[in-house]
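Any read-out appearing in this document is the output of simple, stated calculations on the displayed coordinates, not a laboratory observation. Here the structure is a predicted model, which is why all the values come from computation and not from measurement. Positions of Cβ are generated from backbone atoms using ideal geometry, with glycine treated the same way; all protein chains shown enter the neighbour counts.
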Amino acid sequence: GTRFRPLSFEVPKPLFPVAGVPMLQHHIEACVKVPNMKEILLIGFYQPNEELNRFLSSAQQEFRVSIRYLQEYAALSTGGGIYHFRDQILSGGPEAFFVMNADVCSEFPLPEMLEFQKEHDDGRSFVIQGTTANRKQSLNYGCIVENQDTNELGPNVSIGKGVSIGAGVRDHCCVLNSIVGWDSTIGKWARVEGTPSDPNPNDPYAKIDSETLFRDGKLTPSITILGVVLLGSQTCTRDRKENLSKLRELADQLEDVKQTFTARIETAEQLASNANGKATATKSECNKLGDRLAALEDGCRSNNIRIEDLPENRERPNPVKFVAELFSEIIGEDFKSDTKIAAAYHIRGSNTAKPRSLIVCFERLQFKLNVMTLLRHKQEIIFENNHIHICPDFLPSTPAKCAAFYNIKQQLQKANIRYSLLYPAKLKVDIQDRYYIFSSKEEEEKELRKLIPTLF
């Protein structure tokens with residue numbers, strides 16, 4: 001859209017309105033008329049913006065057909081874009097596809113072209129829709145010239161690598177203004193030549209005349225034969241052999257480089273694999289150490305009880321005496337006076353809005369167990385019109401570990417299998433006069449599936 005600038009800075013040329021709708025919509029309307037049309041692919045170098053995305057979304061909803069935009073990494077032109085996205089084009093196994101320029105207007109007789117292709121298809125042919133071009137256009141753009149009398153192809157014909165001009169195209173053929181690929185064959189009186197400059201660029205239907213092959217005994221400068229090796233020429237054959245030899249030598253060098261890089265890549269992959277294995281082992285060891293550290297810390301808390309929601313500073317000035325009197329008041333006569341409390345202190349929890357937790361440390365584990373057993377029968381504990389909660393002191397992660405055993409405890413209870421929860425978060429299961437202790441839900445499920453398959 002360079003000739004549309006500055007308008008095309010904001011709007012891509014295919015979206016310029018023609019007959020009241022974006023130019024591209026005419027193409028889409030023509031495509032949806034083709035029976036069994038599955039998908040429309042838009043290929044271009046234009047950076048998609050909000051306007052293009054909005055148009056594509058609206059068109060998909062209106063015409064009920066898949067429309068995708070494939071952005072090129074660079075401007076690849078028509079053939080380059082088709083080749084680059086060939087896998088996308090062929091992914092659905094299409095029987096046929098149309099190639100259309102987005103910045104042209106036409107009636108687009110696509111169903112008729114498809115029918116014509118099916119009637120005349122020989123496995124290698126295709127159908128092209130053409131229009132009349134003037135001489136100026138013929139020099140700058142690809143053209144089709146059909147002349148049954150002179151067998152002319154061209155002008156401005158591009159022919160790929162390794163083709164035959166003459167017998168391969170048509171006997172006694174004249175190819176005008178062409179670019180021919182390497183290793184092509186010229187034969188059977190075929191002629192490849194260029195065209196002179198346009199005598200009148202303003203004439204829309206100027207007659208195309210080709211000058212003679214020779215002038216004053218010399219080759220006409222307008223002849224265009226690029227990259228052609230004529231078979232049968234000893235000079236060209238010798239040059240070709242030399243070029244092939246150089247190419248083979250270069251290929252050998254590239255193969256050596258490839259093998260070197262392959263070896264280095266394999267070494268790097270091996271090192272990466274070893275590092276990954278070491279990282280996995282290290283992670284496993286860290287997890288084990290973390291579990292051991294948690295178990296040790298929970299062990300240090302085994303004699304502790306935590307009191308939650310107790311009003312602040314109520315325990316002062318003697319926290320130990322206050323806790324002993326609190327337990328005596330809550331439990332009553334069953335609380336033994338010889339129960340010894342080593343210490344009582346506050347710790348700050350994650351919720352700063354609540355009173356701090358009060359940690360009570362007993363001198364012996366049995367003192368703590370006795371108190372917890374007596375407190376278990378209390379439905380609710382009220383102190384000075386405040387509901388308080390008393391529970392064993394664990395790490396924050398320990399209750400979650402205990403909760404992970406909930407489902408399996410329910411299943412064991414239904415199966416009349418004895419179990420118990422050991423401090424701080426281990427499950428003990430009695431099976432056939434043997435007991436098994438599990439530290440995690442994963443370990444428990446793995447072993448119990450082997451021992452009691454009917455449990456799952």
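Using 29 Å as the Cα-Cα cut-off, could you pick out the over-long pairs in K354/K414; K340/K414; K258/K283; K336/K378; K378/K428; K378/K446?
Numbers: K354/K414 40 Å; K340/K414 41 Å; K258/K283 37 Å; K336/K378 17 Å; K378/K428 26 Å; K378/K446 38 Å.
With Cα atoms farther than 29 Å apart: K354/K414; K340/K414; K258/K283; K378/K446.
With R₀ fixed at 22 Å, the C-beta to C-beta distance from K354 to C402 puts the FRET efficiency at about 0.50.
Listed peptides 362-368, 304-310 appear in the order 304-310, 362-368 once ranked by packing, highest mean of other Cβ atoms within 10 Å at the front. Site pair R449 and I431 shows an inter-label distance of 1.3 nm when each label is modelled 7 Å from Cα along Cα→Cβ.
When its C-alpha radius of gyration is set against 2.2 N^0.38 Å (N residues), the stretch 247-331 gives a value of 2.75.
Could you tell me whether the stretch 1-103 comes out rounded, prolate or oblate from its Cα gyration tensor? Rule is a ≥ b ≥ c as square roots of the eigenvalues, rounded for a/c under 1.5, then prolate if a/b exceeds b/c, otherwise oblate. Since a/c reaches 1.5 but b/c is at least a/b, the shape of the stretch 1-103 is classed as oblate.
For I381, the residues whose amide H sits under 5 Å from its own are I388, ignoring neighbours fewer than 5 places away on the same chain, with H placed 1.01 Å from N. On full extension, the segment bounded by R316 and K288 gains 5.9 nm, given 0.36 nm per residue less the C-alpha separation. At full extension, N385 and K258 could sit 37.5 nm farther apart than now, given 0.36 nm per residue minus the alpha carbon distance.
Taken along the Cα-to-beta-carbon direction at a fixed 7 Å, the label points for N101 and L421 span 7.8 nm. Between R68 and E242, the contour length at 0.36 nm per residue exceeds the Cα-Cα span by 57.9 nm.
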